Structures are given as C-alpha cells and as structure tokens.
Amino acid sequence: MPKRLRVQKFLSNKVQGDDSWVRVSPLTVAEMRLAREERGTASFDAFELGLTVLKEHVIEWNWVDDDGEPLPQMQEHPEVVELLTDTEVAFLGDCIQGSEEAAKN
C-alpha cells in the first residue's frame, strides 16, 4: 500500500557540516496558487513570503549556531529564521521545492 511522503529528510552537510539534516514538507498546489495570487498585489514582498514558507515548512533539524549550540526548532520558535545565513535559507528553499541538488547532499 502506498504511503504519501509528506515530510522529507535532507542531509545538510554543505551548509551545517557533517551529520546535519533537516526535515521539511513540500508546498501544496493550493499554497503555490496563493503565492502566485499574492505576487500580483501591491504589497507583495517575495523575501517575506519566502521566510513565511520556511517557518511553515521546516519541520525539524539538528542545526547549530556559530558556537555549536543547537538552534531552536523553527516550528516552536519561528524567530530563529533571523539567525540563518543566506546560504542556509537558500538551501532550505531548495529542500522545500524538492530540488535535485538538495537531495544529493
């Protein structure tokens, strides 16, 4: 019997070092449509929309900060997004979009 793989795990060695990983859920078609609709509004901000997507779709990780201390889980502390680097944000976006490059890590 098939089982839908709603949450996927990606190794994140390139952005967080050996043995690091992140679990994310992909966007639904409804979420993609909503984003397209928002894009046409005067108040649309692609950067903020991207951060909102991260906050909603990063399920779990074992990531650390610059001092090697565990970062809080995004679902419980969405403000942790402010501590991420641009490379980490790009990596997470690729994971959520199901990028083949992210899957290779």
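What follows is calculated from the coordinates using simple rules that are stated; it is not laboratory data. Since we're looking at a predicted model, the values are computed, not measured. Using ideal geometry, Cβ is built from the backbone for each residue, glycine included, and neighbour counts are taken over all protein chains shown.
Please verify whether residue 69 is over 12 Å from the mean Cα position of the chain (by Cα), free of Cβ contacts under 8 Å to residues at least 24 places away in the same chain and under 17 Å from residue 20 (Cα atoms), treating the condition exactly as stated. Can you show your working first?
Values: over 12 Å from the mean Cα position of the chain (by Cα): yes; free of Cβ contacts under 8 Å to residues at least 24 places away in the same chain: yes; under 17 Å from residue 20 (Cα atoms): yes.
Yes, satisfied.
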## Note on the structure
When residue 44 is run through (1) surrounded by fewer than 14 Cβ atoms within 10 Å (Cβ to Cβ); (2) out of contact with any helix residue (DSSP H, G or I) (no Cβ under 6 Å at 6 or more places or on another chain), the failure sits at (2)
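Would you check which residues across the stretch 12-34 are outside any helix (DSSP H, G or I) and in contact with a Ser or Thr (Cβ under 7 Å, 6 or more places away or on another chain) and list them? Write out each step before concluding.
So the first thing to find is which residues in the stretch 12-34 are outside any helix (DSSP H, G or I), and the list is 12, 17-28.
Answer for the stretch 12-34, where residues must be outside any helix (DSSP H, G or I) and in contact with a Ser or Thr (Cβ under 7 Å, 6 or more places away or on another chain): 12, 20, 21, 22.
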### Task
Write out, first by first residue and then by second, each pair whose Cβ atoms fall under 7 Å of each other, whose residues are 6+ apart or on separate chains, and whose first residue, in the stretch 22-48, is at negative phi while the second is loosely packed, with under 11 Cβ neighbours inside 10 Å and among the basic types (Lys, Arg).
25/6
